[in-house]
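Please treat every number below as a calculation from the coordinates, not as lab data. Nothing here was measured: the structure is a model prediction, and the numbers come from that model. Because the Cβ atoms are built from the backbone with ideal geometry, glycine has one as well, and the counts that use them run over all protein chains shown.
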Amino acid sequence: MLQAPRGRARAALRRFAVAAHTMAGVSELESALQMEPAAFQALYSAEKPKLEDEHLVFFCQMGKRGLQATQLARSLGYTGARNYAGAYREWLEKES
């Protein structure tokens with residue numbers, strides 16, 4: 001199980017979380033992860049994750065969509081994709 005990220009990993013997660021927040025959901029993730037980096041940056045105002053990124057963490061409110069997003073990213077070659085199983089709710093609790 002993943003721990004709440006710290007340091008640079010936490011900052012990277014926040015940047016991607018901002019991009020993910022603008023997506024319609026897991027259905028949009030597939031096309032987003034297949035975009036050219038410049039198009040991703042223009043649309044989401046965030047750097048597109050690289051296939052080799054080790055700390056590509058997906059999460060949602062309860063956990064189901066985060067797992068789906070992780071599985072999708074892995075199927076597209078993002079080998080470092082992970083699901084934060086505790087979901088956003090747990091992360092908020094640990095932030096307090």
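Values computed for the structure shown
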quantity	calculated
Members of the stretch 47-80 found to be in contact with a Pro (Cβ under 9 Å, 6 or more places away or on another chain), within 13 Å of L29 (Cα to Cα) and among the small types (G, A, S), listed by number	A73
Enumeration of residues in the stretch 43-61 that are surrounded by 12 or more Cβ atoms within 10 Å (Cβ to Cβ), touching a helix residue (DSSP H, G or I) at 6+ places or on another chain (Cβ under 7 Å) and not in a helix (DSSP H, G or I)	A46, E47, K48, P49, H55, L56, V57, F58, F59, C60
Residues satisfying the stated conditions in the stretch 30-42, i.e. surrounded by 14 or more Cβ atoms within 10 Å (Cβ to Cβ) and either within 16 Å of R74 (Cβ to Cβ) or among the hydrophobic types (A, V, I, L, M, F, W, C) (or both)	A32, L33, M35, F40
